[in-house]
Amino acid sequence: MEERMVYMASSKSLLFRSPPIQYESLVGYLIRMAELNRYPHMSWIGNLAGVNLTEETLSKMSTRLDRLATVVGASAEEMKSLCYYVSAKGNNLHVILSMGEIIPKQYLYWPSQRVCFSCLREKGFVSGLWDLKAVTHCPEHGELLREACPACKEPVIFNRGRVAPCLPGCQHNGEGRECSDSVQALMQLISNKFLGTNFDLTEFGFPKQIVDGDLYMLLQTISFLAMRSWRGEGDIDHGWLEARPETMIEKMDHASGALVNWPSGYFKFLDDICAGKGAPNGAIVMHWMFGGFYKSLVAMQKRLQFLFDGLQDYMNDRLKGQLLTDRGSPAILNTRDRRTYMPGFVARKQLGVGRQEFKRLVDRNFLQSKMFHTSYGDIVCVHRDSVREYGQIKERLLGRHELSQELGISLHSLYTLGVGNILNAFHSPEKDGWPQWYYDRQVVDEWLHSLRKLAKPSRVGRETLRLSEAVAAYNKQGASYCRLFHACKEGALSLYYRKKDDENLLSCFHVDRRQVRNWYLSHA
């Protein structure tokens, strides 16, 4: 042993070398090199390179591949191929995959201490795929990934000196297939996206969206379906922080069953969270977990649109009739109405409004509504197009205090612009009984644009007054912003435009001092 240590210190390179194997992980490659050179621990190789393999973070490890490459006798490109992910610079919460995709770090065990014993015996290497928490079984053998040998009970530690962690004399060759066809197919789909393998999955009928989508979308889909305890807008990535291997097996069984043979597998999955189909008058009462499932799916709709569409198809295919569910669950309409209308509570959530504000929107016809009669009472649903259109307007609304500051005029002056039909509010107590004044940003911008088109460039030497100065100077004669704008529009006064960086929006508009004086004298 002393001779070996002396040789290590003097040579700084391994005596026996071997190129990396396809799909092998970085830690697995170093373990294999340790076994080839009869080192008791993989960390000895790191000592030669000046890298502490037992304490280095993932981000530091990826920056020291050149040192390890020199010791193991591999090229820089070969070492880089072993890194299926690296930490994003300055971001310890995400990793960058080899294909450039970014995923949260909580989807990974690093380094993983779970192995497929069949792969270890047959292929003699540790796969990089086993670092993913969602991978519970080997995609090739269907064997459960374990943290200890079932025969000799020797635990799998990453700082070991043998690819197979078993005690001397143990002849365990693996357990063989231990999962359903759907679970193994899901493992193969993950492998295709993470490692770039080419498992043929045509017969399993996965939805096109996850077959063509990226790995992150697939992991989020699995995470969502595997929850079994949905909590509204909870972060589905966060649940993987405390994921335990023993609980993941059942979760993968639920998720894989929902994704194969789409959409029939998904419909069976939804059957499990729907119950009570013996309600009176043909109505269906949902299981308590369905409300959380629906709320969570609405929150994730942009990312997992195909699951939301599948839920709607399920409602029409399996549940048929019109019904209401418990609080927090969707009202289910017939096929024709479902595409056109949405339940009121869903619309409130999308628009971010309370019950009173929603009622005003319906009563003032901002939202097109329709009453549906169900076994649980009359329910107000609203047209989807009207919800989308008002949602776009709502994003543009600004209050009168904010607008008056931008324009550089008082609240009273802003109010008179509405009285004079110059600039009208979108919502106001006088117009639609709204408790506050709100203006549409688009309407304000169009009005200012029309003023700029009407205005002429102000020439040097011309005596002009800002609109605010003109109103102040001739206030006793009844001057107001409203009268000045009407006079400019009718051609009685000329409007000039001169923009300075420190001016408010209306301060850049001017009128001729002499022209204003003559105009007011003629109207005296």
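Points to keep in mind about this one:
- The label point for Glu250 and the one for Trp447, both projected 7 Å from the Cα toward the Cβ, are 6.2 nm apart.
- Full-stretch length increase - His94, Asn198 - with 0.36 nm per residue and alpha-carbon distance subtracted: 34.8 nm
- Positive end of the dipole of segment 455-522 (Cβ unit charges, origin at the Cα centre): among Gly478, Ser494, Phe509, the Cα lying farthest that way belongs to Ser494.
- Net length gained if the chain between Arg364 and Gln22 were fully extended (0.36 nm per residue, minus Cα distance): 116.5 nm
- For Ala148, the residues whose modelled amide H falls within less than 5 Å of its own, excluding neighbours fewer than 5 places apart on the same chain, are Val156.
- Among 152-163, 12-23, the peptide with the highest mean count of other Cβ atoms within 10 Å heads the list, and the full ranking is 152-163, 12-23.
- Just so you know, the Rg over Rh for segment 367-471 is 1.18, from Cα atoms, with Rh as the Kirkwood radius.
- Overall shape of segment 117-259 was characterised from the C-alpha gyration tensor. The equivalent ellipsoid obtained from it has semi-axes of 28, 18, 13 Å, in decreasing order.
- Highest mean packing first, where packing is the average number of other Cβ atoms within 10 Å per residue, the peptides 477-490, 190-203, 30-43 line up as 30-43, 477-490, 190-203.
- In a reduced charge model with +1 at each Lys and Arg Cβ and -1 at each Asp and Glu Cβ, segment 455-522 shows a dipole moment near 180 debye about its Cα centre.
- The radius of gyration of the Cα set in segment 120-188, together with its Dmax, comes out at 12.3, 36 angstrom.
- Cross-link pairs Lys295/Lys394; Lys12/Lys105; Lys105/Lys349; Lys123/Lys193; Lys12/Lys153 - those with Cα-Cα distance over 25 Å: Lys12/Lys105; Lys105/Lys349; Lys12/Lys153
- In plain terms, the C-alpha convex hull of segment 89-158 casts an average shadow of 5.6 nm² when viewed from every direction.
Read-outs: derived from the displayed coordinates by stated rules, not from any lab. Treat the numbers as computed from the prediction; the structure is a model and nothing was measured. Heads up, the Cβs are rebuilt from the backbone with ideal geometry, glycines too, and the neighbour counts pull from every protein chain shown.
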